[in-house]
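Notes follow once the structure below has been shown.
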């Protein structure tokens with residue numbers, strides 16, 4: 001038969017409290033980064049887009065445009081249900097291999113922020129236009145704006161289609 005005296009009970013209680021505190025510290029240590037990442041996630045699609053565009057501008061190098069003033073390639077970025085970029089591919093070529101390669105390189109180097117809450121929870125494909133060259137004339141600026149609008153429309157259609165498709 002085992003007997004407990006007062007000092008045994010105190011040691012057992014102290015060890016139990018210590019284990020409880022250690023467990024709580026481990027849980028807080030595991031949950032806090034996840035909550036911080038969610039708090040730092042952009043609130044709107046526009047915020048997300050601005051963050052990605054800032055990174056593109058910092059990473060993008062202008063390739064040889066083979067005598068042209070400008071070129072544009074559209075890159076499709078597929079995000080899984082957790083919001084991680086898993087597939088990046090050219091969806092519309094610029095017609096210049098070096099520009100397409102640079103668009104892919106740049107898209108792969110971006111550290112995509114967490115998707116806004118309205119886009120999380122299901123796979124998404126987002127179209128991103130990468131433009132090379134300077135929009136020096138009004139006609140160039142108008143063409144760039146039209147290409148960006150087209151890329152955004154394609155992204156919206158793709159997101160709508162992705163939402164409508166059942167996921168496994």
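Points to keep in mind about this one:
- Residue identified as in contact with a helix residue (DSSP H, G or I) (Cβ under 8 Å, 6 or more places away or on another chain), surrounded by fewer than 17 Cβ atoms within 10 Å (Cβ to Cβ), at pLDDT 90 or above and in a loop (DSSP other than H, G, I, E, B) among 134, 111: 111
- Where residue 64 falls short, out of the listed (1) modelled with pLDDT under 70; (2) more than 22 Å from residue 121 (Cα to Cα); (3) in a loop (DSSP other than H, G, I, E, B): (1)
- Sub-6 Å Cβ pairs linking a first residue in region 51-62 that is in the same structural domain as residue 129 (by TED's automatic domain parsing) to a second residue that is surrounded by fewer than 15 Cβ atoms within 10 Å (Cβ to Cβ) and at pLDDT 90 or above, at least 6 apart or interchain, are 59/109, ordered by first then second residue.
- Set side by side, the residues 105, 35 differ, and just one is over 13 Å from residue 132 (Cα atoms), modelled with pLDDT of 90 or more and part of a helix (DSSP H, G or I), which is 105.
The values are calculated or read from the model by the stated rules, or taken from the named source; none is laboratory data. Computed from a prediction, not measured in an experiment: that's the story for all the values here. A quick note on method: Cβ atoms are made from the backbone with ideal geometry, for glycine too, and the neighbour counts reach across all protein chains shown.
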